[in-house]
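Novice: Got a structure for you, questions after.
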Amino acid sequence: MRCKQYLSWFIGFLLISFKLCAQHNLTWEDSILTHLEIDRNISLSVKNLKTDTLLDIYHAKQNSCKWIETAILKSRYLSLLGKNKDAILLVNDCQNLFTNKSCLALSLLPKLYLEFSFIYYSQNEYKKANLYAQKGIEAWQPTFKNKRVLAELFCSKGDACENLKDQILYTKKGYEIALEDNDLEIQAKALNNLGCIYANAGENKKAIIHFKGSLAAALKNNSLQLISALYNNLAGLSSSSEEVELYLDSAKYYAVIKGDLEDLQTAYQNSALFNASIGRYKKGYDDLFESLILKDSLYNLNKIKAFAEMEQKYEAEKKIAEINLLQKESELAKVKASRSLGINFGLGGALLGILSVAITFYFQNKKKEKLNIALKGEKQKSDDLLLNILPAEVAEELKLSGQSTARQYNNVSVLFTDFVNFTGISEQMSPSDLVQEIHQNFKTFDAIMEKHGIEKIKTIGDAYLAVCGLPNEVADHAKRIIEAALDIQEFMEINNGKFQIRIGINTGPVVAGIVGVKKFAYDIWGDTVNMASRMESNSEAGKINISQATYELVKDAFKCSARGKIHAKGKGEIEMYFVEGRLA
């Protein structure tokens, strides 16, 4: 009897244990999902891997609501990694699956619309971003608990609005909701957005008030991703030298903690300009040099990865080709050896000795002549190589003194080009075909630059950078560089290659000089260069996008269409123009 009782207890214990384990298995993935949503310090790559695992689990369990929730989260990571095409495909899948009414209770529909808005905003498609933010607001129900989504929807709509009044109205609404919900992170973001809006409108006092409010919330919440940017913003608006110095030091400190190279470079650039403005040129130069060291780490990560993979594949192809060549050479050497014959001169010993001395003397002289010719040839190669890297004046200065001084040029025009969807197209090409395609394009660009007297600076992955107006100053630098851009545009249309191109141009002052000691390079830097890059990124396939500064210099020579004020990352609303062609 007792044994039966023990057995029934044991069976009961097992049943309870199995139920507990089953419950644990059901909630494990949910806890991981919650952790991903809360913890902002997990790297994007780790988040990507974890969401992939969760998607597989929820798919296997046919839990469509949780699958959608996870997919929305993953699309955000993809978008932050610059993979907007993949992000759009994923949220479209979510929209197609959104048929289960039980998902409505999870406020997933507003979340989905928020994600659409975020992706389109990151692609500068502000009308679509505004439309989806509005859809999300309309889909919100009072019974939903997650008010953060509603606050973000209002902030997203504020970002995407065209006029100042609406930007302020909707962003403030987002802030008020975050304040009611005691959400410090969204409070900080909303106040920062308001600060940027007021700063762009020239209302600096209001901007400072909102930036300081955002900083207080960000520090309280330990939002490292925002703090360094806020200190940079405050430094740019402050009129007190002591405050500027303090803000810039804080910006550097938090950028290092966060590991944000872009914020750190901005802080060093701002510090360089500030020190130069108060006459501390040595400190300003040191800060500028630090910003240059950081520059190489700020290239588009997707492009670097694509080029690294391409180079790896290309090197593998080269090694295979070299092995095949060595095998052929080895076989050829064997054939030659089998056909060679011994030669017997049949001469006496003395005659052979005299002849040997004469032949040796003759070949020694010939060898000296060849050596001198070879040295001259190598010197010419060295000079040509130097001229291929540096402008002639800079190369001559470097040869004579062993160094070159950086110089400021106040009136130059800078051109940036970039291939559209380079990463996606490059994945579909073999490494050798990709190298050949890029080489063919850049070779033609080089010829166009030479034709118009423009100085090519460098290529950065698939981007091409050139400048007109240095080292020799010319009055028509803006006209020349647009002529070159039109030639590039025409070549790309006629060539009908794999890539389409975006072109951006800006005019203003730059600093130019040699960077580095080993593998040195002639480079340009300054806000004019950054603005030219923004012109390119806000251009369209096959279009030439120019700034207001460039337009004012060329409006009488070229037909241009005004695009109005367009938001540029880190610059706010900027007037932009498309160059449509030459005026008759």
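The values are calculated or read from the model by the stated rules, or taken from the named source; none is laboratory data. Small disclaimer: the values here were computed from a predicted structure and weren't measured. All Cβ positions, glycine included, derive from the backbone under ideal geometry; neighbour counts span all protein chains shown.
Novice: Condition first: among the hydroxyl-bearing types (Ser, Thr, Tyr) and either at positive phi or in contact with a helix residue (DSSP H, G or I) (Cβ under 6 Å, 6 or more places away or on another chain) (or both). Now tell me which residues in the range 403-431 satisfy that.
Specialist: Within the range 403-431, SER404, SER413, THR423, SER426 qualify.
Novice: Next question, about the same structure. Can you find even one residue in the range 201-215 that is closer than 27 Å to VAL529 by Cβ and not in a helix (DSSP H, G or I)?
Specialist: Yes: one or more hits.
Novice: Which of the helices (runs of 4 or more DSSP H) contained wholly in the range 390-503 include at least 1 residues that are at pLDDT 85 or above?
Specialist: Passing ranges, in order: 431-451, 477-495.
Novice: Would you mention how many residues in the range 564-584 are within 24 Å of the chain's Cα centre (by Cα) and not hydroxyl-bearing (Ser, Thr, Tyr)?
Specialist: Summing the residues that are within 24 Å of the chain's Cα centre (by Cα) and not hydroxyl-bearing (Ser, Thr, Tyr) in the range 564-584 gives 13.
Novice: Still on this model: What is the residue count in the range 220-244 for residues that are under 28 Å from the mean Cα position of the chain (by Cα) and surrounded by fewer than 21 Cβ atoms within 10 Å (Cβ to Cβ)?
Specialist: The number of residues fulfilling the criteria is 5.
Novice: For ASP249, state whether it is of a type in the set (D, E, K, R), in contact with a helix residue (DSSP H, G or I) (Cβ under 9 Å, 6 or more places away or on another chain) and closer than 20 Å to ASN530 by Cα.
Specialist: No, not satisfied.
Novice: Right, here's the next one. Given the criteria over 19 Å from SER75 (Cβ atoms) and either hydrophobic (A, V, I, L, M, F, W, C) or free of Cβ contacts under 8 Å to residues at least 40 places away in the same chain (or both), does LYS135 qualify?
Specialist: Criteria not met by LYS135.
Novice: Could you figure out which of (1) within 23 Å of the chain's Cα centre (by Cα); (2) among the hydrophobic types (A, V, I, L, M, F, W, C); (3) modelled with pLDDT of 90 or more isn't true of ALA521?
Specialist: Exception for ALA521: condition (3).
Novice: Now, a different point. Only one of ALA512, ALA562, ALA541 is surrounded by fewer than 20 Cβ atoms within 10 Å (Cβ to Cβ), of a type outside the set (D, E, K, R) and more than 24 Å from THR444 (Cα to Cα). Can you tell me which?
Specialist: ALA562
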